[in-house]
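Values quoted throughout were computed directly from the atomic coordinates according to the rules given, and no laboratory measurement underlies them. Since we're looking at a predicted model, the values are computed, not measured.
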Amino acid sequence: MGHLRGIFFDLDDTLIDSTGAMRAAIGAIQPLVPENSPTEIAAALTHAYHQLWGYGTPGYPALKTIATTDLRHQLTRAALGALGITSTTRLTEIQQTYEAAEHAALRALPSTRETLKTLQPHFSLGIITNGPSNIQREKLAQVGLTEFFDVIVADVDFGAPKPDPELFEYARKLIGLPSSELLFVGDSPEADIAGASAAGWRSVLFRGVGSSEASFCIEKLEEILLLPPVLETKHLHLAQRSPIL
């Protein structure tokens, strides 16, 4: 393995609290749909999303360009329609309430900004995320993290989701580094760790159940700063900058 020069991250629940924002949004609309539990609402949203835009469906390529407002409009009507809610007025109120609550709750996970700020002078940084291209970039911008990344790749930008190793190869070419000098950080053993490992990258499992494929496991994002390959590169840079006595 060469010296580590690039670090890619998963986005949802690795850098930003997407699950927390979704729970807050469902909690906000719960009074508007008292006939259904939060679990039923979440399941309906997930099912509708995969039916409309899941990988392998005719709708999947649309995630590359679909506007956020269009996606949310279609998703709300499909998911809540399956729960028997069809009134246009009611659907509009639910959608607006959900969006406002999610937007208010979305934030970067603890220590994310500080960790990225520390890494940025030493490494090329990137993101590989599964999800609608526009929405993923909007979330990143909302929490103020876009500035840290040299490369941002949503799976639909390539055409297949993680764990497809070709998605990682696509991102590798964009950042211009060999696989042996890249590290991927994510919370999913199946999507993040398996995909990175198959592509020949080192990997870090973040707050996940142990994975035999992961090179390292961490519970807090700032722990990445203490990993041996990260420290090695930082020390190398410091040595190169030190004056010769």
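Rounded if a/c is under 1.5, else prolate if a/b beats b/c, else oblate: with a ≥ b ≥ c from the C-alpha gyration tensor eigenvalues square-rooted, which is region 65-115? Display every interim value, and only then the final one.
Numbers: a/c = 3.10, a/b = 2.31, b/c = 1.34.
Prolate, because a/c is 1.5 or more and a/b exceeds b/c.
What do the square roots of 5 times the Cα gyration tensor eigenvalues come to for region 9-49, in whole Å, largest first, as semi-axes of the equivalent ellipsoid?
Numbers: eigenvalues 104, 29, 7 Å².
The answer is 23, 12, 6 Å, longest axis first.
Can you tell me the length gained on complete extension of the stretch K117 to Q240, counting 0.36 nm per residue apart and subtracting the Cα distance? Mind showing how you got there, number by number?
Values: separation 123, 0.36 × 123 = 44.28 nm, distance 2.04 nm.
Additional length available on full extension: 42.2 nm.
Percent of alpha carbon pairs in region 18-105 separated by more than 21 Å?
Values: 1003 of 3828 pairs.
Above the 21 Å cut-off, region 18-105 has 26 percent of its Cα pairs.
Given H placed 1.01 Å from N in the peptide plane, which residues other than close sequence neighbours of A160 have an amide H under 5 Å from its amide H?
none
Who wins for biggest fluctuation among E166, E222, E190 in a Gaussian network model of the chain, springs between alpha carbons below 10 Å?
Highest fluctuation of the listed residues: E190.
Considering only G195, G84, G59, give the residue with the highest GNM mean-square fluctuation for the chain, with springs between Cα atoms whenever their separation is below 10 Å.
Residue with maximal mean-square fluctuation among G195, G84, G59: G84.
So if I average 1/r over every pair of distinct C-alpha atoms in the chain and take the inverse, what Kirkwood radius in Å does that give? Don't jump to the answer; show the numbers that get you there.
Values: mean 1/r = 0.0520 Å⁻¹.
With all distinct Cα pairs of the chain included, I get 19.2 Å.
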